[in-house]
Amino acid sequence: MKRTFCLLIFFYVLGGASLMAQCGRLDSLLRVLNRSSARQQAVVLNQLSAEYRLNQRYTQSLNMAQQAVQLAKATRQPKEEAQAWVNVARVSYRVNPNAEEVMAAYRQAIQIYSREKNELGKADTYRSFGAFFRNTSYTSEKAYLDSAVFYYQKALEIFENNQAAAEIDSTAGLLAEVFYEKGEEDRAIQYANRSLGTTDGTQFSKAFIIRRALQDQAHAQAVFIYFLIGGMVLMGFLAVLLVRGMAQTRRANKALEQQKAELIQKNTEIKQQKEEITAQKEKLERSSAELEQRNEEMNRLNREILLQQHEIEMQNAQLGEKNEELKQQQEEILTQRDNLEKQALELEAQKDDLQKSYKTITILSRIGQSITSSLNFKEIFDTLYGYVGELMPADGFRVTEYHPETGDLEYKFNTESQRKKPLIRISMRETQNPAVWCVKNRRSILVRSKQDLSQYEGLDSYSINPVFNAMIYFPLLKDQEAIGAIGIYSKQENAYNHRHIDMIKTLAAYTTIAINNAETYEILTAAQAQLVESEKMAALGGLVAGVAHEINTPVGICVTAASTLDSKTNEFNKVFQSGQMKRKDLKEYMDMVLEGNKILMTNLRRAADLVSGFKMVAVGQSTENRQVFNLRQYLQETVVALKPEFKHKPYEIELIAEDIFINSYAGAFSQILTNLVMNSLIHGFKNRDQGQIRIRLEGRGSQVIMTYSDDGNGMSPEVLDKIYEPFFTTNREGGGTGLGMNIVYNLTVQKLGGKLNVRSQPGQGVQFVFEIPQGKV
């Protein structure tokens, strides 16, 4: 009994000591709070909230937690703010049983931990959230156990991802207890095994859970019995002590009566001493009042010092923030300076490129004007060679012309080291020759050194003169067909690059135009001689006048556009040289150049088409040889080739013929039929929803009769009288040249040696009847 009583006394004393220790810790934290900085106060307030909660002083705990939330938010301490929200959630339900406020506080803490990527803090908050639902389920809704399971599982998942063994063990144990409380014993066993498995691997079973529950119940009953028995023993012990005390009191009363008389005597003495003490006490009180005044003054000074320290800390914090801002601004300024330096270097490079491009464009424009203004081949090539030397190294220079009728290349200009070389012809079978390779493949050649020759199939070290180490070749293209090539050589390696290829491309275009103009001039001269011999000088005069009239218009537009480009380029160069050029000036100049180039290319193509058509009229024949062929089959192939022109158009074409072999020029028939079909599509079927073309072929003795007819708009007598005149057209606005029917007439009469008749009335279509000699077959 004495042993039990001693144990009870020990536990009471231990509890009192613990309470005193907690009170001492609270006082210590309150003292720390008063002399801490704003950031430290948030930490201390969280600690005070936890201590008040352990002491079951929930109102004070909630107050401290709410202050910690505000202070942590003001001082930007997300970790302390999240911990403060957890403290608010833990005690809020004790003060005001509102589950929504508790859940909102937990969610605030989870949101902050998620933003700060503090996974362990978030997991601990989930576990506290689950504990709230588990504890709440005992007093309100049992369904809260499901929410407890949900948040315990989320906490367990995070702890496992972070390999927190101890936390995994404790959280799995909590889940086992919750599932056991829900009656789900299998899942309880599963998590219990998982919990124990993380520590020593002990197996956990359903029987162990039930036995542990019974043991806990028996233990609780035993504790209750122990406390009951202990209370009864304590009451008996106190009763015995009370009886013994009463006996001792009686004996003591007697002794007190004896002492009472002595005390009365001493009382008088004490009164005298009391008066003396009272006088001393008054003196001490006066001294104490003076000390209190001094203490109050000291406290006031301490408070002022603390305020000044707090202001200094705030100023230091502000200075620190300003220093960070100044560092960031300095870094931004340095970055901007680096960017400006890069932009300056880029602008300088662009300026150099513009200067080089302007110089190159100026030279190329001057070359184009010079070589296209000449109609003599020698002058053209001499001028071209002279200008090429200004643009790039040119130790060797060659211009070749392709003759498809003979299958060889003719050197029109050939110089090495400023010495003229023989103008020879080479066969197109000499594929190792770079000029032949360039014409055959219609591709440029860029050789920086002799090793680059291996890049071009068929070329080798023997394809270039040993004295040269670099070369460029570029084909002269007319209507996508190669008519020759330009070649430039240098004794130095790496003398050429792709910029030189671009220059040669432009020079090749100018050279093609110049050659075409020179050939046209020779053809005009030949046509004039031919017409003189056939006493048709009057027709030649009309022909030349028509050429002059037709070509003058696009050429005049080109001259105007080129003059405008030259003027605007000079103005742009002045702005550029002054260093005041803006992006707007460059854009306006580039837009003007693009528009000018478009006008030039459109009208140059127009002039080229006129020249090509005139050459066909003037020559009236091609270099094609006579041959025996099936005229019906050839016309059928031509009709098939023309089928794309009928695509998406409601027109039909029909060939009615038998096999007829003829000894003549096949290409002339193709040109005649093509011109007739195009005239029907453009003029005959204009503004019509349907139309039919019929071609009939038959033999008549030594003649072949070809009849071409359509059911289109027909022609008036005025138009019918002029259809064979060169440059006469009713479709000028649509781009017609007026040479199509003139070509048909010349091919029929001069090349094929035949006759041509035409019949037409307005609204009744047109019919052409050709009588062509069949020749010896």
Within-9-Å neighbourhood charge of Ala72 [Cβ basis; K, R +1; D, E -1] | +2
Return the sequence-ordered ³J(HN,Hα) values of region 90-98 in whole Hz as given by the Karplus equation 6.51 cos²θ - 1.76 cosθ + 1.60 applied to θ = phi - 60°, using x for Gly and Pro.
-> 5, 10, 4, 5, 5, 7, 9, x, 10
Of the peptides 653-659, 314-320, how do they stack up when ordered by the mean number of other Cβ atoms within 10 Å, highest first?
-> 653-659, 314-320
Using the Karplus equation 6.51 cos²θ - 1.76 cosθ + 1.60 (θ = phi - 60°), what ³J(HN,Hα) coupling, rounded to whole Hz, does each residue of region 425-434 give in order, writing x for Gly and Pro?
-> 10, 10, 6, 5, 7, 7, 5, 6, 6, x
In Å², nearest 10: area of Glu430 left accessible to a 1.4 Å probe | 70
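Rounded if a/c is under 1.5, else prolate if a/b is larger than b/c, else oblate: which is region 48-185, with a ≥ b ≥ c the root eigenvalues of its Cα gyration tensor?
In terms of gyration-tensor shape, oblate.
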So between Asn497 and Ser563, what do we pick up on full extension, going 0.36 nm a residue minus the alpha carbon distance?
-> 20.7 nm
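Using a 10 Å cut-off on Cβ atoms, rank the peptides 574-587, 82-95 from the highest mean neighbour count down.
Those peptides, ordered most packed to least, come out 82-95, 574-587.
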Listed here are the pairs Lys122/Lys327; Lys505/Lys568; Lys79/Lys182; Lys79/Lys322; which of them are more than 27 Å apart at the Cα?
-> Lys122/Lys327; Lys79/Lys182
Counting pairs on different chains as well as pairs 8 or more places apart, how many Lys pairs in region 664-777 have Cα atoms under 22 Å apart?
-> 5
Take the Cβ-Cβ distance between Lys283 and Leu263 as r, set R0 to 30 Å, and report the resulting FRET efficiency rounded to the nearest 0.05.
-> 0.55
The ³J(HN,Hα) series, computed from each phi in region 625-641 with the Karplus coefficients 6.51, -1.76 and 1.60 at θ = phi - 60°, rounded to the nearest Hz and given as x for glycine or proline, is 8, 5, 7, 8, 8, 7, 5, 5, 4, 5, 5, 4, 5, 5, 4, 4, 5
Mind checking the full-extension length gain between Ala38 and Leu291? Use 0.36 nm per residue of separation minus the Cα-Cα distance, one decimal, nm.
-> 87.8 nm
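Please give the contour-minus-distance gain from Arg76 to Glu522: 0.36 nm per residue of separation, less the Cα-Cα distance, rounded to one decimal in nm.
Extra length available between Arg76 and Glu522 comes to 151.3 nm.
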Checking rank on 67-75, 706-714, 642-650, with mean other Cβ inside 10 Å and highest first, the result is 706-714, 67-75, 642-650
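The values are calculated or read from the model by the stated rules, or taken from the named source; none is laboratory data. Quick caveat, the model's predicted, so the values are computed rather than measured. Cβ atoms come from the backbone with ideal geometry, glycine included; neighbour counts cover every protein chain shown. Remember, those area values only see protein heavy atoms, side chains included, never the ligands or the DNA or RNA. Shrake-Rupley method; radii C 1.70, N 1.55, O 1.52, S 1.80 Å.
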